[in-house]
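The values are calculated or read from the model by the stated rules, or taken from the named source; none is laboratory data. These numbers were taken from a predicted model, which means no experiment stands behind them. Reconstructed Cβ throughout: ideal geometry from the backbone, glycine too, with neighbour counts over all protein chains shown. Side chains included, ligands, DNA and RNA excluded: accessible areas come from the protein's heavy atoms. Shrake-Rupley method; radii C 1.70, N 1.55, O 1.52, S 1.80 Å.
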Amino acid sequence: MASYLRHSSEAASVPSSTSDPLANIPLPSFFTSVSDKSATWFYTTAALVLTLLVLEQSVYRYKKKHLPGSSWTIPIIGKFADSMKPTMEGYMAQWNSGALSAISVFNIFIVMASSNEYSRKILNSPNHAEPCLVYSAKSILMPDNWVFLTGKVHVEYRRVLNTLFTRKALGIYVAIQDAIARKHITQWLADAAKDPSPQSIMMTARNLNMHTSLRVFCGNHIPEHGAVEISEKYWSITQALELVNFPFALPGTKVYKAIQARKVAFHWLELAARKSKEAIASGAEPECMLEQWVKEMEAPTYKGRKDFSDREMAMVIFSFLFASQDAMSSGLIYGFQHLADHPEILAKIREEQYRVRDGDLEKPMTLEIIADSPYLMAFVKESMRVKPPVTMVPYKATKAFPISPDYTVPAGSMVIPSFYNSLHDPEVFPDPDSLTPERWLDPESSANTNPRNYLVFGSGPHKCIGIEYATMNMGLVLATASIMMDWEHILTPESDKVQIIATLFPKDGCLLKLTPRTNTN
């Protein structure tokens, strides 16, 4: 028994097999500090994010200074959500908040100018601001496109392009415009006979403009299937040039689709430029804009550049297509809507057209007939004043821009002159929302004596170069339509609402019911 107890006592003094033999061995620090490091990383990240957000707000408020606008900006995205679906009501609220106001979108600081004084100052200050259109514009239109040029090189480029819009050149274009307008209106009536229900004219008017522009600019140097391909794909370019879009050209995005559409268009436009050079070299007389350009460069009195490549000529025509598809289509669609809503104005236009055509409704439109149609052209001017196709043109401040005595636009900011308030100034245009063509027929009217307010086509060195061409085309189409058909505007709850893409359009697409008109006054 004593021996048993002794062995039991010794056994009890031996460490138990169930105790942890590693309990006293020190472990590496990364095991014991994981939770501490996670907490440190979390707090460091949170502090960094908070610092960046505070910095973002501070920079915004520093740049904004005393300008009207939100006192703080939504972190990172700013006004992006509002900009994705812009409304005229939202824009007008911004414009009416002050002659200058500020917003931020994706940390792009933007100064909006709503007064005539500040809008014109931006447009006429090439040493401080340059047109940038939208963030993705250069990747779509090409960064070396002439519309982005500034200074002496822009002036010289523009001097050459002015020769494409002389009276002689317009005389070539008007015959093409008249033939295409009649062809399309005839087709519209044929389609309406098959389906007399009201139809939106948004895309039909756009297609008319595209067909007209391609034939005026390129003649028959682009085959019909090429013209159709350009027309179908160009809508992608229009959509990508909205004021706010996802800016990166990732597959599936609007910008990506626009770049692919541009590549298709460039293929055909470069072909047209090459064939135009060949046609003039063979002794042909100009029958389109590209041929007129080549002919001008060969004239003995010509002193500008003569080495325009096919690509450079294609870029110019590409930019002209952009203007004609957006601004001209908007103006034409609202022209149809305004005339349908104001039958007394349409009646005056018809009466004038019967008179200047001597009752011959088959007589093609000429520059002389347009010159003898003052009421028609007054209507075109007034229609675009009431519903300007372009309400603003984004510029970028290339350096600190002292736009007013108490505010300087920071370098690198976007600065946007808007035109709407200038075009609806009641002191210049009494009853500004009314459609009154007569205000342009009196040389002494406040409208005519204040040309600085008519900013439909911009101002300054980048003012629209094709004013006469655009207004002539709109007037020609509306005049020809007035003697070929009647149209009824079918009103919807969205008829008076505005859809803002790159330019303004009726939100319902302008629903018209078309019927042929007999050849009687």
Correct choice for Rg/Rh (Cα atoms, Kirkwood Rh) that was computed from the model, options (1) 0.99; (2) 1.08; (3) 1.22: (3)
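Can you compute the charge dipole magnitude of the stretch 316-453 about its Cα centre, using +1 on each Lys and Arg Cβ and -1 on each Asp and Glu Cβ, nothing else charged? Give it in debye, rounded to the nearest 20. Intermediate values should be presented prior to the final figure.
Values: 12 positive and 19 negative charges, 135 e Å.
The calculated dipole for the stretch 316-453 is roughly 640 debye.
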The stretch 197-291 - charge dipole about Cα centre, Lys and Arg +1 at Cβ, Asp and Glu -1, debye rounded to 20: 360 debye
Nearest-ten-degree value, helix 343-356 long axis tilted from longest Cα axis of the chain: 50 degrees
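Take Asp358, Asp144 and sort them by solvent-accessible surface of the protein heavy atoms, 1.4 Å probe, largest at the top. Can you show the working numbers first?
Numbers: Asp358 125, Asp144 70 Å².
Ranked from most to least accessible, the order is Asp358, Asp144.
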Ellipticity estimate at 222 nm from DSSP helix runs (n ≥ 4, -39,500 (n - 2.57)) divided over the chain, nearest 500: -16500 deg cm²/dmol
Protection proxy ranking, peptides 184-191, 202-209, average beta carbon neighbours within 10 Å, highest first: 202-209, 184-191
Probe 1.4 Å - accessible area at Lys507, Å² to nearest ten: 100 Å²
Computed over the stretch 228-375: relative contact order in percent, which uses C-alpha pairs under 8 Å that are six or more apart: 15 percent
Computed accessible area, Thr480, all protein chains, 1.4 angstrom probe, square angstrom: 0 Å²
Solvent-accessible surface (1.4 angstrom probe) belonging to Ser101, in square angstrom, nearest 10: 0 Å²
Cα-Cα over 25 Å, subset of Lys387/Lys513; Lys254/Lys507; Lys257/Lys306; Lys138/Lys183; Lys152/Lys303: Lys257/Lys306; Lys138/Lys183
Dipole axis of the stretch 239-338 (+1 Lys, Arg; -1 Asp, Glu on Cβ), positive-most option in Leu290, Pro251, Met313: Pro251
Student exercise, the chain dipole from Lys, Arg, Asp, Glu Cβ charges, in Debye to nearest 20: 1360 debye
Unit charges at the beta carbon, dipole of the stretch 163-268: most positive-side option, His225, Val174, Met202: Val174
Among Phe336, Pro506, Thr87 the positive-end extreme of the charge dipole of the chain (Cβ point charges): Thr87
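What percent does the relative contact order of the stretch 179-288 come to when contacts are Cα pairs within less than 8 Å and at least six residues apart?
It comes to 27 percent, rounded to a whole number.
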Local electrostatic count at Ala281 - Lys and Arg +1, Asp and Glu -1, tallied over other residues with Cβ under 12 Å: +1
Share of carbon and sulfur in the accessible heavy-atom surface of the chain [1.4 Å probe, %]: 59 percent
The chain: relative contact order in percent, alpha carbon pairs under 8 Å with at least 6 residues between: 21 percent
Beta bridge orientation in the chain: antiparallel %, DSSP, nearest 5: 85 percent
